[in-house]
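Bear in mind these aren't lab numbers, they're just calculated from the coordinates by the rules spelled out. Just so you know, these numbers come straight off a predicted model, no measurement behind them. Ideal geometry is used to build each Cβ from the backbone, glycine not excepted, and the neighbour counts take in all protein chains shown.
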Amino acid sequence: MNDFMRPQPVTKKFLSPGVIVLLLLAANGLAFLAGRFLFGIGAVTNLNNQYPWGIWIGIDVAAGVALAAGGFTTAALGHVMHREQYHAVVRPALLTAMLGYTMVAVGVSIDIGRYYYIWHPLLMWNGSSALFEVGICVMIYMSVLYIEFLPVVTERFIGRVDLPGALARLNAPIDRLLRWLDRMLDKMMFVFIIAGVVLSTLHQSSLGTLMVIAGPKMHPLWQTPISPLLFLLSAVSVGFPMVIFESLLAARSFGLKPEMHILGRMGRMVAPLLGIYLAFKLGDLFIRETFVYLKTVTTVSVMYITELLFGVVIPLRMFLSPAVQKSPALLFTAAALVVGGVALNRIDTFVVAYTPPYALGSYFPSIGEISVTVGFIAILVLLYRAAVLIFPVISLPDRALSPQSKYSVRG
Amino acid sequence: MKSQNRRSFLKTSTAITVAATGLTPSTAHAGPTNILSPDRMGVLVDTTVCIGCRNCEWACKTAHGLETPPLDAYEDRTPLAKMRRPDETALTVVNQYENPKEPDLPITVKVQCMHCDHPACVSACIVGAIAKHANGEVVWDTDKCIGCRYCMVACPFQVPAFEYHKALGPRIMKCDFCSERRADGKLPACVESCPVEALTYGRREDLVRIAKERIKRSPDRYVEHIYGEAEVGGTSWCYLAGTDFDSLQFPKLGLNPAPGVSESIQHGIFAYFVPPVSLYALLGAVMWTSRHRHDEEEEQS
Ligand code: SF4
Ligand code: SF4
Ligand code: SF4
């Protein structure tokens, strides 16, 4: 039956009650963002000389990059290992990654004090800086994601270019251009797909190197030399849960039948990945003997245990159960736990674990910071919705039902 | 069609590998300068001599064009009661601590950037906007800085400050060791203004020697520790004290350079681009064989 599924634009109205709520949240975030550009970062955030980084880095950037890992994990599975049966989820995952990284880039540029210098790292290199590596990889990877998405755009418009009025003369040349682009991309795509996977492993791990240089300012529970490895392992294990999470969410919101046969099988692969992550996490805990910090109830110990228990152990057990693999509700819960757990880990590493040597107070995000972050997430969801309505992203049963309509899915 | 794909696959892969390897030698070492000259200068701060007059605070602000009340206003000692940190309005501040030996004579400590020999801020800065110069100073370059504040995350002494309330052109503010004054042959402003010579300016090597001599001559006056001689790989500014440095709120730091672990991880992942390029080749091979296998299966069926 898979044979007759084909990615195509979803036919639904853009507006819905949920969309209106999201639009309001987005507007609220943008209002605070205007304050940041008019009066400086200090006017909107609770950041200061003791706490230079807050949730705009912890959530918008660090958690954002981790949760966009679905893009490279599914690309590796579907294209590099060539498991055709997963092609139906490659495009939604690609779209999420593309939008996710765009949000990360926007998140970085509003957090840095001199946003108009965002291009500096392209010319001014510092090879010893982990941040430089993250920055460069994210910039290149984002371009790669846009290229990987191009075939979806050409597929949508080939033979359908229909500009109004005087521009109509351009229809034929544009169509030819699209066809040429499509052929080129088809031949070259593997270069970008592999590059995308390599770039992802690089910056996902370098993101974990970022806080290593903070040394004793970081709580020992998170300050470990294997932090880059832990970041990479957790990014790899959150990739599929994120795809499951958003596929089920999209199916629900568009009233489609979830593709449980694919998602359930992906779920089965999550358990061993989470297992490896858990093993390294626990190994680190015992080798560096940081478990002593878990004996007392403090903010950090509660955060650490929540992250590990609800974000790793419980979903690991759930993904192993066949009942979970078959039930959309249970599968969704398990996936959501992993997504939340990894997001929490990033917040812990970048925000909770950071204690300045001369703290005059503690950091808690301001209304402005929270509004902007929530606004960004709302915009992300809105863009996703708009994109699947316009472009052939989600696989739907093909109305033509003819075997000829089966062709290998690009991108 | 398929076989043609495969041929172009091989051609492009080779081209990429060649391009990537050709890229390596020149770029792997790019970065900010960190010159450790044996003649680098430093300052020895003798906290047992300092009287907490805060002349240095006034001189620093005046030299750097920062807003300040007239010098007379600094006779008021009340600001000393509260712990302060250098920030975007004051690049150096003096803090006061109880003196266990003589309660009537509180200890006062001047704080500013330590001008580390292996600065975490220099290693961390995304665009190499901070550099350690041969004359000892660690200075910031406004033309490069993007305002990411990673230097603040990295500095073990919590020194760099940021102008959070500027919408355009916010600066990273920290002591620049009076870079311009020294270039003109003048003393650092604080050193020049200190009425009791609590601050000694000189070659770092000489300063460490002087500090050791002082400790030897008056072992009762000093604890046997020159803070900054070895901390985080050594700093150009060093301190002498009459009590434990912990009680004067000096951070307890290891002896290895602060950027050490991070840089070795970084260079390990990127060693001449070999790991990423090998990963690329490996994935290419996996992709090629799995596609190959897939095609064969298709041909058979
Ligand atoms: S004290 Fe901090 S800001 Fe100064 S050189 Fe050292 S790391 Fe850089
Ligand atoms: S804030 Fe400026 S000086 Fe500091 S790390 Fe970022 S770019 Fe470098
Ligand atoms: S000027 Fe000299 S004595 Fe006065 S506070 Fe500064 S270092 Fe101490």
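Here B:R54, A:R156 are placed in order of increasing Cβ neighbour count within 10 Å, fewest first, which gives A:R156, B:R54.
Mean residue ellipticity, 222 nm, helices only, chain A: the sum of -39500 (n - 2.57) across DSSP H runs of n ≥ 4, divided by residue count and rounded to 500, is -21000 deg cm²/dmol.
Cysteine residues of chain B whose Cβ has no partner cysteine Cβ closer than 4.7 Å: B:C50, B:C53, B:C60, B:C116, B:C125, B:C145, B:C148, B:C155, B:C178, B:C194, B:C238.
Under the convention that each Lys and Arg Cβ holds +1 and each Asp and Glu Cβ holds -1, the size of the dipole of chain B around its Cα centre is about 640 debye. The residues packed around A:I57, meaning those with a beta-carbon under 11 Å from its beta-carbon, carry a net charge of -1 if Lys and Arg are +1 and Asp and Glu are -1.
Charged side chains reduced to their Cβ positions (Lys and Arg at +1, Asp and Glu at -1) give chain A a dipole of some 860 debye around its Cα centre. Taking every DSSP beta bridge that has both ends in the protein assembly as shown, the antiparallel portion is near 80%. I want to verify a result. In a Gaussian network model of chain B, Cα cutoff 10 Å, which of these has the top mean-square fluctuation: B:H225, B:H133, B:H267? Answer for the Gaussian network model of chain B: B:H267.
In the elastic network of chain B, a GNM with C-alpha springs shorter than 10 Å, the most mobile of B:P275, B:P257, B:P106 is B:P275. Within 10 Å of the Cβ of each residue in A:184-196, the mean number of Cβ atoms contributed by other protein chains is 4.
Note on chain B: GNM, Cα springs under 10 Å; of B:D72, B:D39, B:D87, the largest mean-square fluctuation is that of B:D72. For a test of the definition: using alpha carbon positions, the gyration tensor, and the 1.5 limit on a/c, classify the stretch B:33-266 as rounded, prolate or oblate. Note, shape of the stretch B:33-266 comes out oblate.
Projected onto the charge dipole of the protein assembly as shown (+1 at Lys/Arg Cβ, -1 at Asp/Glu Cβ, origin at the Cα centre), which of A:V313, A:H261, A:I287 gives the Cα projection farthest towards the positive end? The Cα lying farthest towards the positive end belongs to A:H261. Computed over the protein assembly as shown, the P(r) curve from all C-alpha pair distances, binned at 20 Å from the origin, holds 16, 45, 28, 10, 1 percent per bin.
Going by how many other Cβ atoms sit within 10 Å of their own, how do A:L25, B:L66, A:L47 line up, fewest first?
Fewest-to-most ranking of A:L25, B:L66, A:L47: B:L66, A:L25, A:L47.
In this structure, B:R203 and B:D141 have a Cβ-Cβ separation that, at R0 = 25 Å, corresponds to a calculated FRET efficiency of about 0.50. Counting only other chain Cβ atoms within 10 Å of each residue's Cβ, the peptide B:163-172 averages 6. Among the DSSP helices (H) of chain A, those spanning at least 30 angstrom by Cα along their long axis with an average Kyte-Doolittle hydropathy of 1.6 or more are A:17-39, A:367-390; this is a geometric and hydropathy rule only. A simple charge model with +1 on the Cβ of Lys and Arg, -1 on the Cβ of Asp and Glu and nothing else charged puts the dipole of the protein assembly as shown at about 2300 debye relative to its Cα centre.
If Lys and Arg each add +1 and Asp and Glu each add -1, what is the summed charge of the other residues whose beta carbon sits under 13 Å from the beta carbon of A:I347? Net charge in that neighbourhood comes out at -3.
Think of the protein assembly as shown as having a plus end and a minus end, set by charges on the Cβ of Lys, Arg, Asp and Glu; of A:V161, A:S234, B:F245, A:V161 sits farthest toward the positive end of this dipole.
Projecting the Cα positions of B:A189, B:S37, A:G18 onto the charge dipole of the protein assembly as shown (unit charges on Cβ atoms of Lys, Arg, Asp and Glu, taken about the Cα centre) puts A:G18 furthest along the positive direction. Sorted on the mean count of surrounding Cβ atoms within 10 Å across their residues, most packed first, peptides A:353-361, B:175-183 read B:175-183, A:353-361. Among A:W180, B:W288, B:W140, the ranking by other beta carbons within 10 Å of each residue's beta carbon, starting with the fewest, stands as A:W180, B:W288, B:W140. Counting only other chain Cβ atoms within 10 Å of each residue's Cβ, the peptide A:211-221 averages 6. Distance between the 7 Å Cα→Cβ label points at A:R176 and B:K252: 7.6 nm. The stretch A:324-377 and the stretch B:65-97 have their alpha-carbon centroids 39 Å apart.
For the peptides A:105-113, A:295-303, A:319-327, the ranking by mean Cβ contacts within 10 Å, running from highest to lowest, is A:105-113, A:319-327, A:295-303. Relative contact order of chain B: 23 percent, from C-alpha pairs under 8 Å at least 6 residues apart in sequence. Length available on full extension from B:A73 to B:S290: 0.36 nm per residue minus the Cα-Cα distance, which gives 70.3 nm.
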